[in-house]
Amino acid sequence: MKSDDVVVCDPRPLTLTQRFYLVEVVKGLAVTLRHFLGNLFARKYTVTVEWPEVKREYSERLRGRHILLAKPDGSPRCVACYMCEEACPAQCIHIEAEDDPTSPSIEYEKRPKVFTIDLLRCVYCGFCVDACPKEAIVMSRTHEMAFGAREEAIVGLDELMQKGPYEQLDLGYRPYFGAPRSKIELPIPVKAR
């Protein structure tokens, strides 16, 4: 018993040439050969980039390798508050804190004894950068990383520390790009009539 709401779709029977698949295979090879020769000689519509000679342009806010910024005395700006470790969805950040005996102020009473990031586990979301209250961790635009072993991908405090002046770093994503937070002008609200 058939209902009017049910539509039965029977496939069309295969022709003799389709049953042998020879014509269909030749059609598929023709498409492959057309694209191959087009990329080889015409190069009008190719999307392939000849890396490493030609590098693709990326956004200024690219999320690449992490950098721990330094205070003027060269020590890490990080106060080991564990905010980045808690915000990390991949749980790739590990911090162990210690007291900072050289700190004269209450603002920097702790410092990281151990700060490691597993770059193979990281998803480069930038949550650690957003969570940091001291803007101690930022992301660079370095994204080409290769490792021979898994242990090489776990970078510590010495590899993460800022190398060189802040202005010369190739910084990517950071939470307050541009003007400092205190100088951002908010629009004046319009009074309702």
message: I need the full set of residues from the range 44-84 which are in contact (Cβ under 8 Å) with a residue 24 or more places away in the chain and farther than 22 Å from Leu169 by Cα, in order please.
response: Ala80, Cys81, Met83
- prompt: Any residue at all in the range 145-166 that is within 14 Å of the chain's Cα centre (by Cα) and either under 23 Å from Glu98 (Cβ atoms) or at pLDDT 85 or above (or both)?
  reply: yes
statement: Arg61 vs (1) part of a loop (DSSP other than H, G, I, E, B); (2) out of contact with any strand residue (DSSP E or B) (no Cβ under 7 Å at 6 or more places or on another chain); (3) assigned by TED's automatic domain parsing to the domain that holds Met139: all pass except (3)
Contacts under 7 angstrom Cβ, first residue in the range 116-138 being small (Gly, Ala, Ser), partner part of a helix (DSSP H, G or I), 6 or more apart: Ala131/Met83; Ala131/Cys84; Ala131/Ala87
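The values are calculated or read from the model by the stated rules, or taken from the named source; none is laboratory data. Bear in mind that the values here come from a model prediction, so they are computed numbers and not experimental data. Here the Cβ is made from the backbone with ideal geometry for all residues, glycine too, and neighbour counts use every protein chain on show.
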